1. Is there a residue in the stretch 6-17 that is more than 8 Å from the ligand (Cβ to nearest atom), surrounded by 19 or more Cβ atoms within 10 Å (Cβ to Cβ), under 17 Å from the mean Cα position of the chain (by Cα) and at pLDDT 95 or above?
2. Which residue, of 87, 81, is surrounded by 14 or more Cβ atoms within 10 Å (Cβ to Cβ), more than 16 Å from the ligand (Cβ to nearest atom) and at pLDDT below 95?
3. Among (1) surrounded by fewer than 16 Cβ atoms within 10 Å (Cβ to Cβ); (2) in contact with a helix residue (DSSP H, G or I) (Cβ under 8 Å, 6 or more places away or on another chain); (3) within 17 Å of residue 159 (Cβ to Cβ), where does residue 52 come up short?
4. Out of all the residues in the stretch 216-248, which are buried (at least 16 other Cβ atoms within 10 Å of the Cβ) and within 16 Å of residue 24 (Cβ to Cβ)?
5. Hey, any hits in the stretch 169-178 for a residue that's surrounded by 15 or more Cβ atoms within 10 Å (Cβ to Cβ), farther than 30 Å from residue 227 by Cα and in contact with a helix residue (DSSP H, G or I) (Cβ under 8 Å, 6 or more places away or on another chain)?
6. Among the residues in the stretch 37-49, are any under 28 Å from residue 148 (Cα atoms), away from the ligand (no atom under 15 Å from the Cβ) and buried (at least 20 other Cβ atoms within 10 Å of the Cβ)?
7. When the stretch 122-134 is examined, which residues are found to be within 24 Å of the chain's Cα centre (by Cα) and on the phi > 0 side of the Ramachandran plot?
8. What are the residues in the stretch 22-36 that are within 15 Å of the ligand (Cβ to nearest atom) and either more than 28 Å from residue 231 (Cα to Cα) or over 12 Å from the mean Cα position of the chain (by Cα) (or both), if any?
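The values are calculated or read from the model by the stated rules, or taken from the named source; none is laboratory data. Keep in mind the model is a prediction, meaning the values are calculated, not measured. Glycine also receives a Cβ, built like all others from the backbone with ideal geometry; neighbour counts cover every protein chain displayed.
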Ligand SMILES: Nc1ncnc2c1ncn2[C@@H]1O[C@H](COP(=O)(O)OP(=O)(O)OP(=O)(O)O)[C@@H](O)[C@H]1O
């Protein structure tokens, strides 16, 4: 379980996180929603130990990650996978080489095992046959699948998705969402997904949390969030211009 307790973070006097409290149970998929610039990516960085809180803590299986020594933090980071917005593929490497990259860098797998693992994960994301293509030769949706396969080869227990379907058309985005959800159900990883895909996200996650003004102002099932009486949540998820959220 991941537990975020009273997390505070400022950048140059600018308070971004002002006491975030949030729990994510194992094997669950949580969507983190909230306006642009509210600190969703900053929060993800704290969860994976890439940023240090000014105050508060992140507990992973009851361990305060900011108190871990280097080796223990490294081991913890190996349990995490991250799928970035742009996919962050290496343009000069083929699809195969991109997916094989973390195995070569971080494991002692032999060439044959790497080959089998890469082929298996590419098949899992529906990309068999694309091994020799370069990122420039494949579509945006395929790039996201490659990024997903590259994350899955390391068999992470927890995967953080930072806007995994940004820039995709609605049908491809839906296919990627369905793929992530079915992989999550089969492989049982815990998932935290930062997304602006509202209302689509309500149809496939277990929980939704909304970040606003540095705090989680609502957390619950998609139904509970959709039925929320909180005027800020209501305005945000219905995309209304009038309401308590000021649009700059
Ligand atoms: N390393 C940093 N130094 C200074 N300011 C930062 C740093 N990282 C993030 N910020 C600021 O923190 C704020 C929150 O950024 P963040 O990227 O977390 O927002 P977000 O909610 O993910 O936004 P979006 O939905 O647009 O991706 C922004 O104002 C950003 O400029």
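1. Scanning the stretch 6-17 turns up no residue that is more than 8 Å from the ligand (Cβ to nearest atom), surrounded by 19 or more Cβ atoms within 10 Å (Cβ to Cβ), under 17 Å from the mean Cα position of the chain (by Cα) and at pLDDT 95 or above.
2. 81
3. It is condition (3) that residue 52 fails.
4. Within the stretch 216-248, 216, 218, 219, 222, 225 meet the criteria.
5. No, the stretch 169-178 contains no residue that is surrounded by 15 or more Cβ atoms within 10 Å (Cβ to Cβ), farther than 30 Å from residue 227 by Cα and in contact with a helix residue (DSSP H, G or I) (Cβ under 8 Å, 6 or more places away or on another chain).
6. No: zero hits.
7. The one that is within 24 Å of the chain's Cα centre (by Cα) and on the phi > 0 side of the Ramachandran plot: 126.
8. Listed by number, the residues that qualify are 22, 34, 35, 36.
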